[in-house]
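Bear in mind these aren't lab numbers, they're just calculated from the coordinates by the rules spelled out. Source: prediction; values computed, not measured. FYI the Cβ positions are ideal-geometry reconstructions off the backbone, even for glycines, and counts take in every protein chain you see.
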Amino acid sequence: MATPAILALSGGVGGARLCTGLADVLPPEALHIACNVADDFRHLGLTICPDIDTVLYNLSGRNDPAQGWGLAGESWQVLEALAELDAPTWFRLGDRDLATHLFRAGRLADGASLSTVTAELAERLGIGARLYPVTEQPLATRVDTDDGELPFQEYFVRRQCQPRVRGFRFAGLEAARLQPQLAALARPGALDAVIICPSNPFVSVDPILLVEDFWQRLRDTGAPVAAISPIIGGRAVKGPAGKMLAELNLPVTALGVAQWYATRYPGLVSVFALDEEDAALAAEVENLGMRALVVPTWMRSREDKQVLARACLDGLR
Ligand code: GDP
Ligand code: CA
């Protein structure tokens, strides 16, 4: 039998958790991951790609599980030295993490593309899955808030998601081209399934699906598409997804997420996975034209990740 091709769309933490499960249950060459880049930014002259790095660190087992970002066993000597220089330290860069950023900066300065550098990092970290930035071009989330429009990291890290959100804009979207290998996968017959990880719908998934109408291309392949709710029991497992749903006047539930996808990407999602805790919402999810898959979706352990990965793959058959 030919190797299946599964495409996962991932942001950082929620996406990386499910990608770890998928990598455990699939042959390495079967898993392709399209990663959000709209959180990327320049800092201290370095190109920082938080979501790509979170996926790299999780898939290679190097992540810090307590913090949810960065590397396990990190030290902070460079950051302390930067503080002595009165350099910006609001974005926490660990010493070991810096090696990734220096490697990337060096290769980008050599003229390598972000796709090439990402593939090199994945390979050197011993990752079998293929990991792609959704685009090579600059794409940057701007958060429209009551305090005006803020660059993503300004909103997320510096302002701790405090300002009230009114909407989002992705600067560079018109000029952004889909990463070529992803464009090749988004053709009829190339993919067996697509999995929209339980990532933040607004700032992780949208800036993937909107690049060159990726969502329409995926829908038109006819491959089944599963989306997993990042909201469990009316709360985000982590991060501002719940706060954003409320501020955008959507229900702060898995149903709110399903509604967002159904409205913006009609006909895309065939299966919507929601937690057993939210089983009562299944009928309303199905009214949106998606099959509801009620499964445990909170990925605390490695086994939880594998169970959810298998449930999604089986649910798409
Ligand atoms: P970020 O880029 O680091 O913010 O990460 P993502 O966008 O990939 O994921 C953030 C979302 O993941 C949040 O809305 C969380 O609620 C969700 N999330 C994190 N861990 C889990 C989990 O174990 N299960 C589910 N269902 N969602 C999760
Ligand atoms: Ca992110």
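Under 20 Å from a label point 7 Å along Cα→Cβ of GLU174: give me every residue in segment 36-60 with its amide N that close.
38
Hey, rough spin-label estimate for PHE91 and GLN160, points 7 angstrom out along Cα→Cβ, what's it come to in nanometres?
Between PHE91 and GLN160, the label points sit 2.0 nm apart.
Apply the Karplus parameterisation 6.51 cos²θ - 1.76 cosθ + 1.60, with θ equal to phi minus 60°, to every residue of segment 157-168 and state each ³J(HN,Hα) to the nearest whole Hz, in sequence, with x for glycine and proline.
Once θ is set to phi - 60°, the couplings for segment 157-168 become 9, 6, 9, 6, 6, 5, x, 6, 8, 10, x, 9 Hz.
Going by average Cβ density within 10 Å per residue, which order do the peptides 237-244, 224-231, 196-203, 121-128 take, highest to lowest?
196-203, 224-231, 237-244, 121-128
What's the exposure ranking of TRP215, TRP298, TRP69, going from fewest to most Cβ atoms within 10 Å?
With the sparsest Cβ surroundings first, the list reads TRP298, TRP69, TRP215.
Among DSSP bridges having both ends in segment 6-315, what percentage is antiparallel? Round to the nearest 5.
40 percent
Over all directions, average the projected area of the Cα convex hull of segment 6-315 and note it in nm².
It is 15.0 nm².
Within the set of other residues whose C-beta is less than 14 Å from the C-beta of VAL237, count the net charge using Lys and Arg as +1 and Asp and Glu as -1.
Its environment carries a net charge of +2.
Describe numerically, in nm with one decimal, the distance between label points set 7 Å from Cα along Cα→Cβ at ALA99 and at ARG187.
3.9 nm
So between GLU149 and GLU29, what do we pick up on full extension, going 0.36 nm a residue minus the alpha carbon distance?
39.1 nm
Could you please report the charge total around GLU303, scoring K, R as +1 and D, E as -1 over all other residues with beta-carbon less than 15 angstrom from its beta-carbon?
Result for the neighbourhood of GLU303: +3.
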